[in-house]
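What follows is a short report on a single structure.
Please treat every number below as a calculation from the coordinates, not as lab data. Fair warning: this is a prediction, and the values are worked out from it, not measured in the lab. Here the Cβ positions follow ideal geometry from the backbone for every residue, glycine too, while neighbour counts run over all protein chains shown.
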Amino acid sequence: MRPLWICKRCANPWPCAEARLALVAEYAGDRIGLSVYLCRQLYDAALELHCLNPDEAPGPQALFARFVGWAHVRSPPHV
């Protein structure tokens, strides 16, 4: 639920564990596409959360970990 950025199902901060699983399934085989999508969501969330409460909005490191850090792109194994 925007602009609070909480899950509609469980009320945890989005992307919650269930949302992460759904995103990984939706972007199966396209981890870069997933990362681009999540970066866009991070950008929107940073703006919206700051507008809601500038004094208590999450910092850049926390937002990165929440939105992008969990979905890091793995390098293919070297053969």
Notebook entry, point to check: Just wondering, is there one or more residues in segment 47-63 that are loosely packed, with under 14 Cβ neighbours inside 10 Å, among the polar types (S, T, N, Q), out of contact with any strand residue (DSSP E or B) (no Cβ under 9 Å at 6 or more places or on another chain) and farther than 16 Å from residue 6 by Cα?
Noted result: yes
Check: How many residues does segment 7-40 hold that are surrounded by 14 or more Cβ atoms within 10 Å (Cβ to Cβ) and either farther than 16 Å from residue 68 by Cα or touching a residue at least 60 places away in the same chain (Cβ under 8 Å) (or both)?
Finding: 1
Check: Can you name every residue in segment 64-75 that is under 18 Å from residue 3 (Cβ atoms) and exposed (fewer than 14 other Cβ atoms within 10 Å of the Cβ)?
Finding: none
Next item on the list: Identify all residues within segment 17-62 that are part of a loop (DSSP other than H, G, I, E, B) and either at positive phi or of a type outside the set (Ser, Thr, Tyr) (or both); write none if there are none.
Entry: 28, 29, 30, 53, 54, 55, 56, 57, 58, 59
Next item on the list: Considering each residue of segment 19-50, count those that are of a type in the set (D, E, K, R) and within 12 Å of the chain's Cα centre (by Cα), and give that number.
Entry: 3
